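Engineer: The structure follows.
The values are calculated or read from the model by the stated rules, or taken from the named source; none is laboratory data. Predicted model only: the values in this text are computed from it and were never measured. Please note: Cβ atoms are built from the backbone with ideal geometry, for glycine as well, and neighbour counts cover all protein chains shown. Side chains included, ligands, DNA and RNA excluded: accessible areas come from the protein's heavy atoms. Shrake-Rupley method; radii C 1.70, N 1.55, O 1.52, S 1.80 Å.
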Amino acid sequence: MAHLLRGKQAGIQNDLSAGIGPESFVLDDIARFGISSRISQLAYDPVQSLLAVGTSESSFGPGQIYVFGQKRISVTLELPQRASVKILRFCADKLLCLDSRNDFSVFQLEAKRCIRSFAAPGQVSVVECDPTLDYALMGMQNGDILAYDLDRENLAPFRIPNLWKEHNPRARITPVLALSFHPRDIGKLLIGYQEGAVVYTFKQAKAQKYFNYEVPRGARGGDADPSAANVVRHPRLTQAVWHPTGTFILTGHEDGSMVFWDPRDGRIIMARTLQDTNVDKPGGAMAHGSGGTIAVKEPLFKIAWCANNDPDDTALLIAGGSSTTDIAKGLTFLELGRTPVYATSSWQILAGHFENPKRQRILPTPPNAEVVDFCLIPRSSPHFHGACDPIAVLALLSSGEVVTMSFPSGIPITPTNQLHLSLTFVHPFITHANLSAIERTRWLGMTERREQGPLLLRGGKEANHPLKRFENRNIVQTAHADGTIRLWDAGHGDEIEHEDLLQVDVARAVGRRDDINVTMLSLAGATGELAIGLRSGELIVFRWSTNKNVGKEPPMTRENATKTLTNVLERRDPSLAEGLFPYTLLDNGNGPVTALKLSDVGFVAVGFEGGSIAVIDLRGPAIIYSSSIQDFIKTHKHGSLRRASNSQQPKPEWATAIEFSVMTLDGDDYSSILLHVGTSQGNLATFKLLPDSSGRYTVQPAGSVHLDDRIVRIHPVAADSGRPAFASQGAVAGLRTGSKINGALVVATATGARIFKPATSKGASKTWDDNAFCYSAAVCRNGDGGYALVGIFGDGKVKAYSIPALRDIGSVDVRGIFEGKRLSEARITGSGDILGWTGPSEVALVNVWGSGLTVNRSKDTLFNPDLLIPPRPTISNVQWISGTQHVTPSDMDLLIGGPDRPPSKRMLDQARNDEMQRRAEGRAGGAAAGSSSAGGAAGADEGYWEYLQRQVQERTENLGIMGDKVDRLENNSAGWADDVSKFVAKQKRGLVMGAVKSKFGF
C-alpha cells in the first residue's frame, strides 16, 4: 500500500526497484589505492627496477611493505606481526625487513611471501647485505655483528665481537650504527660505532684501523654553544660511508661535523660542517643564527657519497646538518669533482679537495618539512647502496610525504606516470577527491602527451584481470596540496585499458603558488572538460586541447578580474603537448566554492559560501546568470502568527548540491534543460535554461520547494524506466524534435529523502531511521536490473531504499573498511561503486551489488629471473700489484659460512645448469663421444650427484688453498719488491759502469 501511495505522490507508477532484495545488497571489496599508513622506509632495486615502501604501525592498520613496479603493478607484503618497518633492503631475489619488534623477515620476491621470520638474539640496530652474497650482517645494540644465512635461513657461526670495546675497554655501551662493505674489496667492512669507526678485514679476521674523532680545546667543532669550546669533545658518530673507490672514509657526527679520513694511516684529512671548514682546529669564530642567536644544527640524518660513470668524480648528498634557523630546507649537495690521485697528491691538495667543493647548493623541498631520509635511484648498478650513477632521488619528509627530484640538478619530478599510482597519494598529500562515471570511448581518447624523462620503474608483469562490460569508467580526480589535480581510472575490478594518469596544474592556471586549496571538482566526460572550485573563491574550467608552443614558457598574463570571466588560455603548462588546458576563470569574491556542476552540454553552475550562484555558458564563454539564493528562494515560515510577525535575521544559506537535467516540469507540455540548486537550509530551486534570439541561453527561475534539511544529492530520473535524466548531449538533441521526458527528482537530505516532480510538487518523503545523518547518496542500478537509492550514513552503514516506495532493502556495515571520521567524503556512482577513505592517504573501492569478494593485492608478478646481477666492482691492477689481497664473493662464502656449510641453493642451481649443459653437449657430440678418451668417457658417465659431490670436495679444498694463497701473497709481494730493488740497483750499476768505460775509451 505504501508503494502505491508514495508512487502516486511522486508521479512514478512503476516499481523501479523490482527484483532487488536483501540478497542483492552485498559488498565486494574491489581495490585499494594509496598508502595505508605513514611511510618509514624506502628501498630501490635497479636490477629488477622495483621500489619497496615500508610503513609504520598506526591506528589505521599495521605496518606493511608495498612493492611497486611499472604502471599499476603492486604487491602488498604483510609483516608476521603487527609492527612498523624500521629497515628495508633488497638483496638479489629477496627483500629484507627489520621491524620494530626486532623481527628480521626475509621475503622472496618470486613467491611474494615471507619465507622466514627470525627473532634476533638481541636488539638489531643496522643491517648490511650485498646482492652477491648469501648473507646479511646484523649490527647489534651491544656492539657485536652477526651473520644471517639467507640461503639456510638461520644464523651463521660467523661473529664479529665488539671491536671498539677491545680498542677502548673503558667505553660504555657502543652500539653498531653503520655497516658498509668496501665498494671494491668485499673483504673489508666499515663499522660505525657510537664512539668511532673501524675498518675490519675478513682476510685477517681483525680490525685494521680505528677512527676516533676528537675536537680539541679551543676548536669550534660543529657545536654552536661557545661554552663547549673550552673542553675536549668526542661527538657521537651517526654515519660512516666509503668513498666510491674506497680511497677515503667519511664519518658524520651528531654535532653536524663531517670528518674525512685516510684509511691507510687513520689520519684526519679534513673536518668540516656544511658551512665551516677545519672545525677541529683551535680558533675561529662560532656560527650564529640571525639576530645573534645560537644556531643549533640538525643531526646528520643520512649521507651518500655518490659518483657518476667515473667513480673518481664524486659528490655528497646530505640530509640534515643544517642550522635550525635556516629558512631554506632540503637536501644539501656538495659537488667535490674529480678526486685527486692519492699516490701523487700532497696532503694540502687532498685537504683542499674536501675544503673547497666545486659547487654547494640546496635541493629544495616543500616548506615546513625536513628531509629525514632519502633513497637514490641508480641507473643500473645495485652495488654501493645505489650511489653509483644515480639519476633521481626520493626524499622522505618529516611530514610523511615523498618528493622526487632529478640528480644532481634537483629539479622536481612529477610522480605522474613515473611512480606507482598509490605513491601519488603522498606526493604530496591529497586534500580533496571526487569520483565520476565517464563514457568509456571518451576516456580512452583522453591520452595525454607530455615531456617526460626516463621511467624510474620498469619491473614486474601485470596479472590478467577479468574483462567486464562497462560503458562508463570510474574516473577519480584527486587534488593535492601543491595545486596539482590528477585523473585516473579506478576501474571496476577489471582490466584497465587506459592506465595512464592525467595531470592538471591549478596553481599555474590561477596565477599563484600559495593558497591553492581545492574544495569542489566536477568532470564532464562527454566534453573533456574539468571544473575546479577553490576555497579562495575562484572557479577554473579546463578544456581538452593541444599546445602549439610546447616547450616554450608562455608570457606573463594580466591579473584575475573580479566578478567577471578571465581568459587564462595563455597559462598553459609548457611541457604539455596535448591534455587539459586552462580555459576560463571566475573570481566571484563571495567566499569559498561550496557546490559545483559541469554539465555535458556546455553549462557550468557554481555556488559560493556567501550565498550567491552563477551560471556560465562555455560557448563564449559568458556568465548568463548571477544572483543570490535569497532572491529566488521562497520564505518558509513555521509557527504562530505572533512568531511570524517578529522580524528575524535570515540564517546564512548557500548552495550544497547542483544538478542539470532534461525533463518536463509539472504543468508544462514540453521538456527543457533544467538546473536544480539545493541549499544548506533545505531549499531546492529549479531553473529553466531557454535559448534566446541572440543564440545564447537565458536562465529563468521556475519555482522552489522546501525540504526538511540540508540537500545532499539531487538525482533526476525518468519516471517510466528509472534511467538517469541528466542533461546529456543525446537528451538535449532530442528537444529539437519535441522529445518529452516524464521525469522526477530523487533528493536525499541529511535527515530524509523526497521524490517529486519539479518544480514545486510535494511528492513522497521518508525520514531516515535511527536518526543517522546521510553523508552521500546516489540512485544506483543493479547490473541490468532495477534501481535503488543508496546512501552512506553517520552510523557507519550503507543502506539501500526502493524507488518510489522508499522501503528498506538492506544495509551493510562499512566501518571495518572506511574511516568513520571521513565517511562524509565518500562518493557513490550510478553503478553502485563507492570510493571512500580508509586512512589519511588510502582509499578503498567497493561495490554494493557484489557477492562478498575480498581484495587480492598480490596478483602481479614481481621477479624476473632472466635479469642478472652485474658483477661487483673489484680492486684495480695497480692495487693488486701493490699487494692488496683480493677476496671474491666465493671466498667470502667460505670465510663466513665455513667449510662445513652445505652448498647454497644458488650453487645447486648453478651445478644443475652446468650439468644440463654438459649433458646437452654430450648428446650433441653423438658418435664423436664414443671415440673419445677413457678419461673423457668416465667424465661423460659421471652422474649429477657424483658431480655435486666432486664440487663440494673441491669447495672444501679451496678453503685450504685460499689460506695458503693468503699466506704466500705477503711473501710473494715481499719477494717481488726485493727483485725490483735488485733490478733497479743492477740498472744503476750498469749505467755508471757504462759511463766509466766510455770515458776510458772501452
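Engineer: Scan V712, V705 and give me the residue that is among the hydrophobic types (A, V, I, L, M, F, W, C) and open to solvent by 20 Å² or more (accessible area, probe 1.4 Å).
Structural biologist: Unique residue meeting the criteria: V712.
Engineer: Go through the range 15-68 and tell me which strands (runs of 3 or more DSSP E), entirely inside it, have 1 or more residues that are in contact with a strand residue (DSSP E or B) (Cβ under 7 Å, 6 or more places away or on another chain) and within 19 Å of S398 (Cβ to Cβ).
Structural biologist: Output list reads 39-45, 50-55.
Engineer: So which strands (runs of 3 or more DSSP E) stay within the range 362-449 end to end and still have 1 or more residues that are of a type in the set (D, E, K, R)?
Structural biologist: 371-378, 430-439
Engineer: Please pick out the residue among S765, S761 that is open to solvent by 10 Å² or more (accessible area, probe 1.4 Å) and either among the aromatic types (F, W, Y) or in a loop (DSSP other than H, G, I, E, B) (or both).
Structural biologist: S761
So that you can scan it fast, the table gives a plain yes or no per residue for (1) in contact (Cβ under 8 Å) with a residue 60 or more places away in the chain; (2) in contact with a strand residue (DSSP E or B) (Cβ under 6 Å, 6 or more places away or on another chain):
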| residue | (1), (2) |
| --- | --- |
| H676 | yes, yes |
| Q681 | no, no |
| A702 | no, yes |
| V712 | yes, yes |
| P716 | no, yes |
| A719 | yes, yes |
| A733 | no, no |
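Engineer: Let me spell it out: the conditions are (1) under 46 Å from the mean Cα position of the chain (by Cα); (2) farther than 27 Å from V848 by Cα, and R736 meets all of them except one. Which number is the exception?
Structural biologist: Checking R736 against (1) under 46 Å from the mean Cα position of the chain (by Cα); (2) farther than 27 Å from V848 by Cα, the one that fails is (1).
Engineer: Let me ask another. Read through the list (1) open to solvent by 20 Å² or more (accessible area, probe 1.4 Å); (2) touching a residue at least 60 places away in the same chain (Cβ under 8 Å); (3) within 29 Å of I145 (Cβ to Cβ), then give the number of the only condition that A207 fails.
Structural biologist: (2)
Engineer: Of V798, V790, V779, which residue is part of a strand (DSSP E or B), surrounded by 17 or more Cβ atoms within 10 Å (Cβ to Cβ), aliphatic (A, V, I, L, M) and touching a Pro at 6+ places or on another chain (Cβ under 8 Å)?
Structural biologist: Exactly one of V798, V790, V779 is part of a strand (DSSP E or B), surrounded by 17 or more Cβ atoms within 10 Å (Cβ to Cβ), aliphatic (A, V, I, L, M) and touching a Pro at 6+ places or on another chain (Cβ under 8 Å), namely V779.
Engineer: Hey, another quick one. Can you tell me which residue in the range 329-369 is least open to solvent (accessible area, probe 1.4 Å), limited to those that are more than 24 Å from P412 (Cβ to Cβ) and of a type in the set (G, A, S)?
Structural biologist: So, considering only residues that are more than 24 Å from P412 (Cβ to Cβ) and of a type in the set (G, A, S), the one least open to solvent (accessible area, probe 1.4 Å) is G337.
Engineer: Right, something else. Scan the range 776-805 and report the pairs whose first residue is closer than 20 Å to S436 by Cβ and whose second residue is of a type outside the set (V, I, T) and surrounded by fewer than 18 Cβ atoms within 10 Å (Cβ to Cβ), with Cβ atoms within less than 6 Å and a gap of 6+ or a chain change.
Structural biologist: Correct list of pairs: C780/G830.
Engineer: Could you grab me the full set of residues in the range 229-262 that are outside any strand (DSSP E or B), open to solvent by less than 20 Å² (accessible area, probe 1.4 Å) and either touching a residue at least 60 places away in the same chain (Cβ under 8 Å) or not polar (S, T, N, Q) (or both)?
Structural biologist: A229, P235, H243, P244, T245, G246, F248, D255, G256, D262
Per-residue answers, yes or no, for (1) in a loop (DSSP other than H, G, I, E, B); (2) modelled with pLDDT of 90 or more; (3) not assigned by the TED database to the domain that holds V790:
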site: R822; (1), (2), (3): no, yes, no
site: P865; (1), (2), (3): yes, yes, yes
site: R872; (1), (2), (3): yes, no, yes
site: I875; (1), (2), (3): yes, no, yes
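Engineer: Tell me yes or no: at least one residue of the range 136-153 is basic (K, R), assigned to a loop (DSSP other than H, G, I, E, B), within 26 Å of the chain's Cα centre (by Cα) and over 30 Å from E495 (Cβ atoms).
Structural biologist: There is no residue in the range 136-153 that is basic (K, R), assigned to a loop (DSSP other than H, G, I, E, B), within 26 Å of the chain's Cα centre (by Cα) and over 30 Å from E495 (Cβ atoms).
Engineer: Follow-up. Is it true that some residue in the range 679-688 is closer than 23 Å to G611 by Cα, out of contact with any Pro (no Cβ under 7 Å at 6 or more places or on another chain), charged (D, E, K, R) and open to solvent by 20 Å² or more (accessible area, probe 1.4 Å)?
Structural biologist: Checked the range 679-688: at least one residue is closer than 23 Å to G611 by Cα, out of contact with any Pro (no Cβ under 7 Å at 6 or more places or on another chain), charged (D, E, K, R) and open to solvent by 20 Å² or more (accessible area, probe 1.4 Å).
Engineer: A further question follows. Tally the residues that are more than 23 Å from A304 (Cα to Cα) and either of a type in the set (G, A, S) or modelled with pLDDT of 90 or more (or both), restricting the search to the range 172-203.
Structural biologist: Final tally of qualifying residues: 1.
Engineer: Evaluate the following for P157: is it touching a residue at least 12 places away in the same chain (Cβ under 8 Å), assigned to a strand (DSSP E or B) and open to solvent by 10 Å² or more (accessible area, probe 1.4 Å)?
Structural biologist: Here the answer is yes, as P157 does meet what is asked.
Engineer: Output the residue which, of all residues in the range 605-643 that are at pLDDT below 85 and in contact with a strand residue (DSSP E or B) (Cβ under 7 Å, 6 or more places away or on another chain), is surrounded by the most Cβ atoms within 10 Å (Cβ to Cβ).
Structural biologist: That would be I633.
Engineer: Residue check: is L350 in a strand (DSSP E or B), in contact (Cβ under 8 Å) with a residue 24 or more places away in the chain and among the aliphatic types (A, V, I, L, M)? Outline the logic, then answer.
Structural biologist: On the way: in a strand (DSSP E or B): no; in contact (Cβ under 8 Å) with a residue 24 or more places away in the chain: yes; among the aliphatic types (A, V, I, L, M): yes.
Criteria not met by L350.
Engineer: Do we have S105 as open to solvent by less than 30 Å² (accessible area, probe 1.4 Å) and either more than 24 Å from the chain's Cα centre (by Cα) or modelled with pLDDT of 95 or more (or both) here?
Structural biologist: Yes; evaluated as a whole, the condition is true for this residue.
Engineer: State all residues of the range 561-583 that are open to solvent by less than 50 Å² (accessible area, probe 1.4 Å), part of a strand (DSSP E or B) and farther than 12 Å from T546 by Cβ; if no residue qualifies, say none.
Structural biologist: Once the filter is applied, which keeps residues that are open to solvent by less than 50 Å² (accessible area, probe 1.4 Å), part of a strand (DSSP E or B) and farther than 12 Å from T546 by Cβ, the range 561-583 yields L565, T566, P582, Y583.
Engineer: Can you name the number of the only condition in (1) open to solvent by 80 Å² or more (accessible area, probe 1.4 Å); (2) touching a residue at least 40 places away in the same chain (Cβ under 8 Å); (3) touching a strand residue (DSSP E or B) at 6+ places or on another chain (Cβ under 9 Å) that G139 fails?
Structural biologist: Of (1) open to solvent by 80 Å² or more (accessible area, probe 1.4 Å); (2) touching a residue at least 40 places away in the same chain (Cβ under 8 Å); (3) touching a strand residue (DSSP E or B) at 6+ places or on another chain (Cβ under 9 Å), only one is false for G139: (1).
Engineer: Identify the residue in the range 160-179 that is open to solvent by 10 Å² or more (accessible area, probe 1.4 Å) and of a type in the set (S, T, N, Q) and, among all such residues, is farthest from P889 (Cα to Cα).
Structural biologist: Taking the candidates together, the pick is N168.
Engineer: Tell me which of these C114 doesn't satisfy, since it passes every other one: (1) over 30 Å from G460 (Cα atoms); (2) without any contact (Cβ under 8 Å) to a residue 60 or more places away in the chain; (3) surrounded by fewer than 22 Cβ atoms within 10 Å (Cβ to Cβ).
Structural biologist: With (1) over 30 Å from G460 (Cα atoms); (2) without any contact (Cβ under 8 Å) to a residue 60 or more places away in the chain; (3) surrounded by fewer than 22 Cβ atoms within 10 Å (Cβ to Cβ) applied to C114, the lone miss is (1).
Engineer: Let me ask something else about it. Given the structure, is L50 closer than 22 Å to P382 by Cβ and open to solvent by less than 10 Å² (accessible area, probe 1.4 Å)?
Structural biologist: Yes.
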